[in-house]
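This report refers to the structure that appears directly beneath it.
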Amino acid sequence: LSETFGENYGLGIIGVTLIIRLALLPLMIKQVKSSKAMQAIQPEMKELQAKYSSKDAATQQKLQQETMALFSKYNVNPLAGCLPIVVQMPILIGFYHAISRTHEIALHSFLWFDLGSPDPFYILPVVAGITTFIQQKMSMAGMNSNPQMAAQMTMMLYIMPIMIVVFAINFPAALSLYWVVGNLFGIVQTYFIKGPDLRKAAAENAGGAKKK
């Protein structure tokens, strides 16, 4: 793609990122549907957990069997949410090695930074962290998790952006560019996929603010 943009590797990375995210779009839609399905069966899962509350091996095995049967009944795949992340890991590793081993890319300047060096002004790392936070916050809209899961999700909401910033500060700017473009695409994608949930969450927040 860099040849298409006149040997501009920065634009090439943006183009590749958009193509990758478009290719992952079906998986992302499946992830959202699976997440909603998991929420829908939460009451039945709680009933099973209450029914098989004993911690002995036989009871726990029965609970596992009943839970898997419940997933099968509603066609829910609890691992569906991991697929987009798993698929993107080899891509990130490939990007890193391509930049490290290709001097033309590593030495190429794009906007204010060299693709093979960390952003000298920390603009990309900060933007990557902020957009990661926004995308995660939007993804959480409309989710009715149990208190323990909600606490874990809230913790990850703040930990993940910090981790992204730390990684982006130390990694080549090309990876930060990939994160930023991917996150911006994800924000737009989440807005359209989860539009009703986002509007509902916004209305609830506005209602809560008025009551105060």
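Two numbers describe the Cα atoms of the range 21-90: Rg and Dmax, which are 15.0, 46 Å. If I model a spin label at I169 and M155 as a point 7 Å from the Cα along the Cα→Cβ vector, what separation in nanometres do I get? About 2.3 nm separates the two model spin labels.
Fully extending the segment from K33 to Q61, taken as 0.36 nm per residue of separation minus the present Cα-Cα distance, adds 7.3 nm. Efficiency by 1/(1 + (r/R0)^6): what FRET value for S100 and A23, r their Cβ-Cβ distance, R0 = 35 Å, to the nearest 0.05? E(calc), rounded to 0.05, equals 0.90. Computed from backbone phi, the HN-Hα couplings of the range 178-184 come to 4, 4, 4, 5, x, 5, 4 Hz, rounded to whole numbers (Karplus: 6.51 cos²θ - 1.76 cosθ + 1.60, θ = phi - 60°; Gly and Pro given as x). Across the range 54-60, rounded Karplus estimates of 3J(HN,Hα) from the backbone phi angles (6.51 cos²θ - 1.76 cosθ + 1.60, θ = phi - 60°) give 5, 8, 6, 4, 5, 5, 5 Hz, Gly and Pro being marked x. The string of couplings for the range 112-119 from the Karplus curve (6.51, -1.76, 1.60, θ = phi - 60°) is 9, 9, 8, 4, x, 10, x, 4 Hz, one whole number per residue in order, with x for Gly and Pro.
We did not get these values from a lab; they are worked out from the coordinates using the rules stated. Worth saying up front: this structure is predicted, and the values here are computed from it rather than measured. All Cβ positions, glycine included, derive from the backbone under ideal geometry; neighbour counts span all protein chains shown.
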